[in-house]
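Enquirer: Below is one structure. I have some questions about it.
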Amino acid sequence: MAAAFAFLGMLLLSMVVALLATLQLGDFFNANDEFGLVILTVVAFTFFALAVFAVTYALSRSASVIAGVALILAIVALAPVALPGLIQKIANRSTNPYTVGIENTAILIELVVPALIVVLVQWGLVRRRWLLNAGEEDLTHWPWVTTAIAGLVILNPFGLAFLQGTLKRSGGDFMWEFTATVTGVAVGVLLVMAWVECYIRNRILRRRLAETEPPESGGVKAQS
């Protein structure tokens with residue numbers, strides 16, 4: 001029963017995060033009538049991913065198996081890239097004249113980004129629960145704090161506008177250099193933050209593992 005409630009919490013948390021990202025992207029790209037199908041697809045993928053993780057959690061004997069399944073699910077999340085027909089069917093529902101010509105790209109981003117977020121969040125939660133139940137160290141090298149900050153920095157109207165302005169350069173755009181500079185500095189800061197966080201996590205993990213090693217193996221005896 002405890003596991004059922006735990007996975008229900010994972011489902012709700014990953015769905016809330018994914019839907020927040022979807023809504024931000026939909027608002028930025030002026031999504032219209034097609035957005036209902038986008039949300040439905042994201043919700044369906046959230047259920048599917050957690051079901052796969054739940055089966056993996058019950059059957060796996062190593063946390064690395066969970067990581068492997070997460071990688072496979074991330075590849076599945078990229079499936080819309082290889083399914084232009086599906087994207088087009090969703091785009092056909094759009095009635096917004098201001099998005100003509102960019103619906104497919106917008107819908108692709110609205111599907112792929114939240115799906116990848118779902119996989120990342122669920123992998124972290126399922127992995128942590130599996131390790132705790134196994135009595136193993138649950139700290140990971142993944143920079144979760146930086147990831148959350150990056151999500152907040154990018155998935156907002158200003159962040160998306162700067163990112164789009166950097167990637168979509170047009171002739172006569174005198175603001176491109178400023179936009180690209182701000183975007184480059186932001187990306188650089190996030191990369192440095194990720195490196196620092198990974199370094200700190202690695203130091204903490206090494207210290208914890210050393211403390212739990214028995215004295216005869218050269219480690220320091222863990223304190224009760």
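Throughout, read-outs are computed from the coordinates displayed, never taken from laboratory work. Just so it is clear, the structure is predicted and the values come from calculations on it, not from any experiment. Note: ideal-geometry Cβ built from the backbone for every residue, glycine included; neighbour counts use all protein chains shown.
Enquirer: Counting only helical runs of four or more DSSP H residues, what would the 222 nm mean residue ellipticity of the chain come to if each run contributes -39,500 (n - 2.57) and the total is spread over all its residues? Walk me through the numbers on the way to the answer.
Expert: Values: 8 runs with 165 residues, N = 224.
It comes out at -25500 deg cm²/dmol, rounded to the nearest 500.
Enquirer: Another question, if that's okay. Pick out, from A54, V113, G151, the residue whose Cα sits farthest towards the positive end of the charge dipole of the chain, with +1 on the Cβ of Lys and Arg and -1 on the Cβ of Asp and Glu.
Expert: It is A54, whose Cα lies furthest towards the positive end.
Enquirer: If you average over every viewing direction, what projected area does the convex hull of the Cα atoms of the chain give, in nm²? Working shown, then result.
Expert: Numbers: hull surface 62.3 nm².
Orientation-averaged projected area of the Cα hull: 15.6 nm².
Enquirer: State which stretch of the chain is the longest one without any exposed trypsin sites (Lys or Arg not before Pro), exposure meaning a DSSP loop state and at most 12 other Cβ atoms within 10 Å.
Expert: Values: sites that count: R61, K168, R169, K221.
With trypsin sites (Lys or Arg not before Pro) excluded where exposed in loops, the chain gives 62-167 as its longest stretch.
Enquirer: So if I place +1 on the C-beta of Lys and Arg and -1 on the C-beta of Asp and Glu, and nothing else carries charge, what would the dipole magnitude of the chain be about its Cα centre? I want it in debye, nearest 20.
Expert: Values: 14 positive and 14 negative charges, 91 e Å.
The dipole magnitude comes to about 440 debye.
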